[in-house]
1. Among the candidates Ser148, Ser112, Ser139, which residue alone is polar (S, T, N, Q), under 20 Å from the mean Cα position of the chain (by Cα) and either not assigned by TED's automatic domain parsing to the domain that holds Ala26 or not in a helix (DSSP H, G or I) (or both)?
2. Select from the stretch 161-183 the residues that are over 22 Å from Glu35 (Cα atoms), buried (at least 24 other Cβ atoms within 10 Å of the Cβ) and of a type outside the set (Val, Ile, Thr) and write down the one among them that is nearest to the chain's Cα centre (by Cα).
3. If I go through the stretch 184-210 residue by residue, how many of them are under 13 Å from Val33 (Cα atoms) and either crowded, with 18+ Cβ neighbours inside 10 Å or at pLDDT 95 or above (or both)?
4. Any chance you could count how many residues in the stretch 116-138 are under 16 Å from Lys205 (Cβ atoms) and β-branched (Val, Ile, Thr)?
5. Out of the stretch 57-93, which residues are under 12 Å from the mean Cα position of the chain (by Cα) and closer than 15 Å to Leu34 by Cβ?
6. Yes or no: the stretch 211-234 includes at least one residue that is in the same structural domain as Tyr41 (by TED's automatic domain parsing), in contact with a helix residue (DSSP H, G or I) (Cβ under 7 Å, 6 or more places away or on another chain) and in a loop (DSSP other than H, G, I, E, B).
7. Evaluate the following for Tyr150: is it aromatic (Phe, Trp, Tyr) and within 19 Å of Gly243 (Cα to Cα)?
8. Between residues in the stretch 81-109 that are modelled with pLDDT of 95 or more and residues that are polar (S, T, N, Q) and in a loop (DSSP other than H, G, I, E, B), which pairs lie under 6 Å by C-beta distance while being six or more apart or on different chains?
Amino acid sequence: MKKIFILLMLLVAFIYAEAQSVHVAAAANLRYVLEEIKGSYRRTYPSVTVTLSFGSSGTLTQQILNGASYDLFLSADNHYPYKIAEKNLTSGPVQTYAFGKLALYSTTVNVSKGVKILTSPVIKKIAIANPQTAPYGKSALEILKSQSLYDTLEGQIIQGENIAQTIQFVSTGNAEVGFVALSLLKASEMNGKGSIYIIPDTMYKPIEQSGVLLKQAARNIEAKRFMEYMLSTKIKPIWVKYGYAVPVK
């Protein structure tokens, strides 16, 4: 009887510990904004552990489909969350939390003239995120094709695994210019470094970023509360600070 009691107590302790933690799988463009939101959340709920795992949306989706243990998935588009929902691996509706913006970035070239600079002879390599797994890379490809630049520049394109690696290609000099998420350039450590051109929204389809609670979070009160907090009016100024547009409700 005593052993059964101890086992029950251990089970209760385990469930409580799980309920006091949130594991978020997030698109790489969310690194800085989510770190700030996490800090704000932890000041309000200091007993909760929030773990952030970043990667390309497609890669994270494959991990989730293969059984990865996440509570919340925040994608760089709305395609991947719905793909997961179709497999009955969610515990709530897909919700749009922000609209991302794309920018040209260079540490060696003035990109203020926009995509026209890409045909300059000084541009040897152009970095984009893998369009097969990263929505920002897909948008970059859309721009190159719509501006009739892709056929000319295809041989100069190098692909990062995700948008964070793409910006790294530029900052380390492996590419003269890159298509990157504006949000990553809004981080304090990036301020004043390099040349930035914000690509007009009219040149690509809106990057509607959506998220969803996953099946394992069905009984995780903290996971639900973190998502509500992230979507709250209180947090909207943080999204705007990092260059996102927020949904109007």
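1. Values: Ser148 fails: under 20 Å from the mean Cα position of the chain (by Cα); Ser112 fails: under 20 Å from the mean Cα position of the chain (by Cα).
It is Ser139.
2. Step one: list which residues in the stretch 161-183 are over 22 Å from Glu35 (Cα atoms), which gives 169-170, 172-179.
From the residues that got through so far, the ones that are buried (at least 24 other Cβ atoms within 10 Å of the Cβ) too are 170, 175, 177-179.
Remaining after also requiring of a type outside the set (Val, Ile, Thr): 175, 178-179.
Details: Ala175: 22, Gly178: 17, Phe179: 15 Å.
Looking at residues that are over 22 Å from Glu35 (Cα atoms), buried (at least 24 other Cβ atoms within 10 Å of the Cβ) and of a type outside the set (Val, Ile, Thr), I get Phe179.
3. 3
4. If we filter the stretch 116-138 for residues that are under 16 Å from Lys205 (Cβ atoms), which is where we start, we get 128-129, 131, 134-138.
When the remaining residues are screened for being β-branched (Val, Ile, Thr), the result is 128.
Residues meeting the conditions: 1.
5. Passing the criteria: Ser57, Leu60, Phe73, Leu74, Ser75, Ala76.
6. Yes; the residues of the stretch 211-234 include at least one that is in the same structural domain as Tyr41 (by TED's automatic domain parsing), in contact with a helix residue (DSSP H, G or I) (Cβ under 7 Å, 6 or more places away or on another chain) and in a loop (DSSP other than H, G, I, E, B).
7. On the way: aromatic (Phe, Trp, Tyr): yes; within 19 Å of Gly243 (Cα to Cα): no.
Spelling it out, it is not the case that Tyr150 is aromatic (Phe, Trp, Tyr) and within 19 Å of Gly243 (Cα to Cα).
8. Pro81/Ser75
The values are calculated or read from the model by the stated rules, or taken from the named source; none is laboratory data. Remember, predicted model here, so these are calculated numbers, not experimental data. Methodologically, a virtual Cβ is constructed for each residue, glycine included, from the backbone with ideal geometry; neighbour enumeration extends over all protein chains shown.
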